[in-house]
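Novice: This is the structure I have questions about; it appears just below.
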Amino acid sequence: MSGRQTDRIEQMTPESRRFPANMSFVGKEAYCFSADILPTGAEPPRNLGKNQLAELLDKLSDRDFEILISLKYAKYLLTGQIKRLHFSESPKPQVGMRSTTRNMFKLKEYGLVKTFERRIGGIRAGSASYIWCLTEPGQRLLDLHHGEYNPRRTRSHRYLEPSYVHIRHTLAIAECYVQLVEISRKYRKIVFTQVEWEPDCWRPFQHKGHDIQLKPDLFAVTYNDGYEDRWFIEIDLSTEAMPVVMDKCKRYHQYLNSGIEQRQHNGVFPITVWIVPDEQRKQKMIEAIKETFKKAPSMFAVITAEEFEELIRSGASDVTLY
């Protein structure tokens, strides 16, 4: 496609297929605790000291730690998403869901995780409707586990439940990550090797003398059949007016023109993927991009959630950009 500023980096496929769900994440816990949260039922104990946390360390399995790490950086996860990430070996979905639910309520009893007052799908959806997040003791336990314990790092304060729009958007970002893990499990030629959550996926740069930040929802790297593909991912839930979306697209063009990403990664700029809820929104966004950026390089992929797997499977070289 003419004007295209993206390409793929030829690489040897990594031998390790250990997914980022089981790796140390890139992220800042200050962001993870920036949203106010109201737990259901009684507040988990906030006075767990170092000795109490050390006792809990011996009670937790490797999978427990992986779940806590996932919650730390995804910030919120549904029970079903946790099942797909960490209990995928279960022979039947019902068995996996029961195992996941038991495990999560064990962690809740320890005071390491909590649930929202709000559920996705309502009470009739059962345990699948629970939205989970890390507690401050859970954060401090992870710090202790990684040798970074600092009792003053997270301070207790009154939590309020975030808005429904915020919850939906955050869970949609998490869903994108979960699908990347599942795609890597499904296709042996694809290896999901890197993820950056907000705010570490943000990119600071200067434009006309002003300090600016590009703020993707997620950044990911996949290896596909010997090539490295780099992705900026934006989740659109049709909650923003199209002029607002185009303003963010302008920010991507400004960052592209800065050349920062290309200098750091062999001239490659990540594919910017807009994931939209339906075909109508997709066509509306494509038309707006074509009209707004007539003379600019083509750099955006616009897809529905159902098309995400095929996008990753095909790789960056086969993406239609606008």
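Novice: Do you know which residues across the stretch 286-320 are of a type in the set (A, V, I, L, M) and in contact with a Phe, Trp or Tyr (Cβ under 6 Å, 6 or more places away or on another chain)?
Specialist: Residues satisfying the conditions are ILE286, ILE289, VAL302.
Novice: Follow-up. Name the pairs whose Cβ atoms lie under 8 Å apart, with the first residue in the stretch 235-250 and touching a residue at least 12 places away in the same chain (Cβ under 8 Å) and farther than 19 Å from LYS295 by Cβ, the second among the β-branched types (Val, Ile, Thr) and surrounded by 14 or more Cβ atoms within 10 Å (Cβ to Cβ), and 6 or more positions between them or separate chains?
Specialist: That search, which allows pairs on different chains as well, returns ILE235/ILE173; ILE235/ILE275; ASP236/VAL245; ASP236/ILE275; ASP236/VAL276; SER238/VAL276.
Novice: Let me ask something else. Assess whether GLU287 counts as being out of contact with any strand residue (DSSP E or B) (no Cβ under 7 Å at 6 or more places or on another chain), more than 30 Å from GLU89 (Cα to Cα) and surrounded by fewer than 20 Cβ atoms within 10 Å (Cβ to Cβ).
Specialist: So GLU287 passes the test.
Novice: Same structure, new question: Looking only at residues in the stretch 63-116 that are within 16 Å of the chain's Cα centre (by Cα) and in a strand (DSSP E or B), which one is nearest to THR170 (Cα to Cα)?
Specialist: By that ranking, first place goes to LEU77.
Novice: In the stretch 195-214, what residues are in contact (Cβ under 8 Å) with a residue 24 or more places away in the chain and either in a loop (DSSP other than H, G, I, E, B) or within 19 Å of VAL319 (Cβ to Cβ) (or both)?
Specialist: The answer is GLU198, PRO199, ASP200, CYS201.
Novice: Just to check your reading of the model, which residue among PRO44, PRO20 is modelled with pLDDT under 80 and within 16 Å of PHE105 (Cα to Cα)?
Specialist: PRO44
Novice: Shifting gears a bit: Give GLN254, GLN264, GLN194, GLN206 a once-over and let me know the one that is among the polar types (S, T, N, Q) and in contact with a His (Cβ under 8 Å, 6 or more places away or on another chain).
Specialist: GLN254
Novice: Another question about this same structure. Considering the stretch 223-233 alone, what residues qualify as being crowded, with 23+ Cβ neighbours inside 10 Å and among the acidic types (Asp, Glu)?
Specialist: Within the stretch 223-233, GLU228, ASP229 meet the criteria.
Novice: I need every pair where a residue in the stretch 128-143 that is in a helix (DSSP H, G or I) has its Cβ under 7 Å from the Cβ of a residue that is modelled with pLDDT of 90 or more and of a type in the set (Lys, Arg), sequence separation at least 6 or different chains.
Specialist: GLN139/LYS72; LEU142/LYS72
Novice: In addition: Taking only pairs six or more apart or across chains, which ones have beta-carbon atoms under 8 Å, a first residue in the stretch 168-190 that is in the same structural domain as PRO216 (by TED's automatic domain parsing) and farther than 18 Å from SER129 by Cβ, and a second residue that is buried (at least 20 other Cβ atoms within 10 Å of the Cβ) and basic (Lys, Arg)?
Specialist: Qualifying pairs under 8 Å: VAL181/ARG84; GLU182/ARG84.
Novice: Assess whether TRP197 counts as being at pLDDT 95 or above, buried (at least 16 other Cβ atoms within 10 Å of the Cβ) and not β-branched (Val, Ile, Thr).
Specialist: For TRP197, the condition - at pLDDT 95 or above, buried (at least 16 other Cβ atoms within 10 Å of the Cβ) and not β-branched (Val, Ile, Thr) - is met.
The values are calculated or read from the model by the stated rules, or taken from the named source; none is laboratory data. Nothing here was measured: the structure is a model prediction, and the numbers come from that model. Cβ atoms come from the backbone with ideal geometry, glycine included; neighbour counts cover every protein chain shown.
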